[in-house]
Amino acid sequence: MRKINTIKTETYALGEIYRVDFVTNTDEQTYEAWLYNKHYGVKMLMFGVPIEAQSYNELMFLVDCNLDDYIILYSDRYED
């Protein structure tokens, strides 16, 4: 196992329960958005895009526009 220094994560709270991690991986040249419930040990990938195809702000906008649908999907798949 080795530490990877090319990954940066910013976490945003969606109310009291849900969180979205925005991940920038400069080694693989990708942005990712992961949704999770802070009380569960499962993250769900919402979007993963090449850096050259979409800006960070465009990804944030895309996530914001689709949050409600992804929260329902997450809840159906992982929550009791």
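Selection of first residues in region 1-27 that are among the acidic types (Asp, Glu) and of second residues that are modelled with pLDDT of 95 or more, restricted to Cβ pairs under 6 Å at least 6 apart or on distinct chains, gives the following pairs, ordered by first then second residue: GLU10/PHE22; ASP21/THR9; ASP21/THR11; ASP21/TRP34. Kindly check whether there is at least one residue in region 10-22 that is open to solvent by 100 Å² or more (accessible area, probe 1.4 Å) and within 12 Å of the chain's Cα centre (by Cα). Taking every residue of region 10-22 in turn, none turns out to be open to solvent by 100 Å² or more (accessible area, probe 1.4 Å) and within 12 Å of the chain's Cα centre (by Cα).
Can you find even one residue in region 52-69 that is in contact (Cβ under 8 Å) with a residue 40 or more places away in the chain and outside any strand (DSSP E or B)? Scanning region 52-69, I find at least one residue that is in contact (Cβ under 8 Å) with a residue 40 or more places away in the chain and outside any strand (DSSP E or B), so the answer is yes. If ALA13 satisfies every condition in (1) in a loop (DSSP other than H, G, I, E, B); (2) of a type outside the set (Asp, Glu); (3) at pLDDT 95 or above but one, which is the exception? Failing condition for ALA13: (1).
The values are calculated or read from the model by the stated rules, or taken from the named source; none is laboratory data. Note that the structure is a prediction, hence the values are computed from the model and not measured. Counting neighbours? That spans all protein chains shown, and the Cβs are built from the backbone with ideal geometry, glycine included. Note: accessible area is taken over every heavy atom of the protein model, side chains too, but ligands, DNA and RNA are not part of it. Shrake-Rupley method; radii C 1.70, N 1.55, O 1.52, S 1.80 Å.
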